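> Provided herewith is a single structure, encoded as structure tokens, for subsequent inquiry.
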Amino acid sequence: MPDLRDPAPYDALLLLSFGGPEGPDDVVPFLRNVTHGRGIPEERLKEVGKHYFLFDGISPINGQNRDLLEALRTDFAGHGLDLPVYWGNRNWAPYLTDTLREMTEAGHRRILTLATSAYASYSGCRQYRENLADALETLRAEGLTVPRVDKLRHYFNHPGFVTPMTDGVLASLASLTDEERAGAHLAFTTHSIPVSAADTSGPAEAHGDGGAYVAEHLDVARVIVAAVREETGVEYPWQLVYQSRSGAPHIPWLEPDICDHLEGLHGDGVPAVVMVPIGFVSDHMEVLYDLDTEATAKAAELGLPVRRSATVGADPRFAAAVRDLVLERAATEQGYRVDRCALGALGPSHDLCPVGCCPARAPKPAAAGADSPFA
């Protein structure tokens with residue numbers, strides 16, 4: 001039996017996130033990082049950044065990552081798990097390369113990574129792995145001994161991720177009037193991505209018809225609908241919808257958009273809608289603006305009561321789920337066979353992204369996968 005407090009062979013956990021600006025002066029430099037290599041003029045970046053300026057140039061994501069970092073450290077300490085937790089971002093301070101350098105100089109040689117994206121997709125998985133490879137190559141060029149970096153499996157269907165979201169839906173439904181609740185619909189929302197990216201998400205056997213990206217979201221939605229039915233006795237009508245589209249208008253992206261969906265439901269006489277942001281770990285800008293501001297304003301214009309249910313954030317159950325995933329992976333690396341928690345029909349995800357999983361937009365090395373040059 002594996003020791004349920006032993007993280008060996010891992011000696012540190014890296015919380016890896018997108019990052020966000022923390023003041024007005026940060027917005028354009030942050031967006032310049034996000035769009036690096038695309039040649040977007042600064043005036044266009046200011047236009048793109050208008051959502052941030054509505055909130056004094058502050059994205060909530062960094063603050064939420066600090067909360068999650070504290071929740072993880074508290075949970076680990078409370079359960080005797082001796083594993084330091086660090087935090088690095090792709091696009092803003094603390095930058096991933098700086099954090100990995102700090103970890104390497106502190107002597108860490110086997111690092112597990114928790115990405116703040118629960119689902120399979122290029123932008124939600126492969127791109128993080130490419131960022132890890134870039135950072136490791138930088139450290140190698142500096143003459144440092146490059147650590148081995150692995151990535152925790154996708155946790156979209158782990159009970160510690162799904163159950164807090166279910167509770168959020170129940171709370172939102174309870175806040176409606178009896179009449180509204182009786183006819184309410186659930187709109188499960190996630191970030192829209194290009195159809196081509198969706199169709200090639202996940203391992204090759206999952207490609208087509210939205211690939212793993214759509215399949216995983218649908219599976220989570222079904223689990224939540226079933227849990228709500230068990231609690232309330234009602235199976236609420238629902239649909240998976242999308243938000244936060246960007247990019248050229250001629251490129252097909254996943255639809256329908258949440259605002260279009262709200263218009264359609266209102267036209268059908270639906271009395272209320274609960275928006276359920278299952279695609280997001282925390283209340284970052286896409287939730288704060290696209291749902292809490294834009295979609296809520298559209299609903300008010302229609303006279304349609306809406307609620308937005310809670311994301312997982314730093315919920316202690318999510319921190320406990322991360323601990324479970326860490327120990328599961330450690331036991332596997334030690335040669336033990338362990339039960340892997342997963343709800344729904346898809347089962348637990350893979351530890352190593354196989355070759356061809358969420359293929360790159362251009363040939364580029366990626367860490368923490370079957371094809372990693374840093375294994």
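> Would you pick out the residues in region 200-214 that are of a type outside the set (S, T, N, Q) and either surrounded by 18 or more Cβ atoms within 10 Å (Cβ to Cβ) or in the same structural domain as GLN127 (by TED's automatic domain parsing) (or both)?
Residues satisfying the conditions are GLY202, ALA206, HIS207, GLY210, GLY211, ALA212, TYR213, VAL214.
> For region 180-196, check the following and say yes or no: at least one residue is without any contact (Cβ under 8 Å) to a residue 40 or more places away in the chain and not assigned by TED's automatic domain parsing to the domain that holds VAL48.
There is no residue in region 180-196 that is without any contact (Cβ under 8 Å) to a residue 40 or more places away in the chain and not assigned by TED's automatic domain parsing to the domain that holds VAL48.
> Got a sec? Which of ILE58, ILE40 is in contact with a Gly (Cβ under 8 Å, 6 or more places away or on another chain), on the phi < 0 side of the Ramachandran plot, of a type in the set (Val, Ile, Thr) and free of Cβ contacts under 8 Å to residues at least 40 places away in the same chain?
Sole residue among the options that is in contact with a Gly (Cβ under 8 Å, 6 or more places away or on another chain), on the phi < 0 side of the Ramachandran plot, of a type in the set (Val, Ile, Thr) and free of Cβ contacts under 8 Å to residues at least 40 places away in the same chain: ILE58.
> Further, regarding this structure: With surrounded by fewer than 20 Cβ atoms within 10 Å (Cβ to Cβ) and either modelled with pLDDT of 95 or more or within 20 Å of the chain's Cα centre (by Cα) (or both) as the only criterion, which of SER196, SER244 stands out?
Of the residues listed, the single one that is surrounded by fewer than 20 Cβ atoms within 10 Å (Cβ to Cβ) and either modelled with pLDDT of 95 or more or within 20 Å of the chain's Cα centre (by Cα) (or both) is SER196.
> Within region 330-339, can you find the residues that are in contact (Cβ under 8 Å) with a residue 40 or more places away in the chain and either in a loop (DSSP other than H, G, I, E, B) or of a type in the set (A, V, I, L, M, F, W, C) (or both)?
Answer for region 330-339, where residues must be in contact (Cβ under 8 Å) with a residue 40 or more places away in the chain and either in a loop (DSSP other than H, G, I, E, B) or of a type in the set (A, V, I, L, M, F, W, C) (or both): ALA330, ALA331, GLN334, TYR336, VAL338.
> Could you pull out the residue among ASP6, ASP75 that is of a type in the set (Asp, Glu) and at pLDDT 95 or above?
Within the list ASP6, ASP75, the selection yields ASP75.
> Let me ask you something else. Which of the residues belonging to region 179-189 are surrounded by 19 or more Cβ atoms within 10 Å (Cβ to Cβ) and part of a loop (DSSP other than H, G, I, E, B)?
Matches in region 179-189: ALA184 only.
> Across region 159-178, what is the total count of residues that are in a loop (DSSP other than H, G, I, E, B) and of a type in the set (A, V, I, L, M)?
Qualifying residue count for the region: 1.
> To continue, here is another question. Conditions: (1) aromatic (Phe, Trp, Tyr); (2) closer than 25 Å to ALA360 by Cβ; (3) part of a helix (DSSP H, G or I). PHE156 meets all but one. Number of the miss?
Only one criterion in (1) aromatic (Phe, Trp, Tyr); (2) closer than 25 Å to ALA360 by Cβ; (3) part of a helix (DSSP H, G or I) is unmet by PHE156, namely (3).
> Condition check: farther than 19 Å from VAL223 by Cβ, under 17 Å from the mean Cα position of the chain (by Cα) and in a helix (DSSP H, G or I). Does LEU327 satisfy that?
For LEU327, the condition - farther than 19 Å from VAL223 by Cβ, under 17 Å from the mean Cα position of the chain (by Cα) and in a helix (DSSP H, G or I) - is not met.
> If we scan region 345-367, do we find a residue that is farther than 30 Å from GLY264 by Cβ, surrounded by 15 or more Cβ atoms within 10 Å (Cβ to Cβ), of a type in the set (Val, Ile, Thr) and out of contact with any Leu (no Cβ under 7 Å at 6 or more places or on another chain)?
Within region 345-367, none of the residues are farther than 30 Å from GLY264 by Cβ, surrounded by 15 or more Cβ atoms within 10 Å (Cβ to Cβ), of a type in the set (Val, Ile, Thr) and out of contact with any Leu (no Cβ under 7 Å at 6 or more places or on another chain).
> Could you check, for region 306-316, whether at least one of its residues is under 16 Å from the mean Cα position of the chain (by Cα), surrounded by fewer than 22 Cβ atoms within 10 Å (Cβ to Cβ) and either on the phi > 0 side of the Ramachandran plot or part of a helix (DSSP H, G or I) (or both)?
Yes, there is a match, as at least one residue in region 306-316 is under 16 Å from the mean Cα position of the chain (by Cα), surrounded by fewer than 22 Cβ atoms within 10 Å (Cβ to Cβ) and either on the phi > 0 side of the Ramachandran plot or part of a helix (DSSP H, G or I) (or both).
> Here are the criteria: (1) touching a Pro at 6+ places or on another chain (Cβ under 9 Å); (2) farther than 29 Å from THR145 by Cβ. Tell me which single one ASP371 does not satisfy.
(2)
> Output the residues belonging to region 216-237 that are in contact (Cβ under 8 Å) with a residue 60 or more places away in the chain and either among the aromatic types (Phe, Trp, Tyr) or crowded, with 18+ Cβ neighbours inside 10 Å (or both).
GLU216, HIS217, ASP219, VAL220, VAL223, ILE224, ALA227, VAL228, TYR236, listed by residue number.
The values are calculated or read from the model by the stated rules, or taken from the named source; none is laboratory data. The model shown is predicted, which means the values in this text are computed figures rather than measured ones. We place every Cβ from the backbone using ideal geometry, glycine too, and count neighbours over all the protein chains shown.
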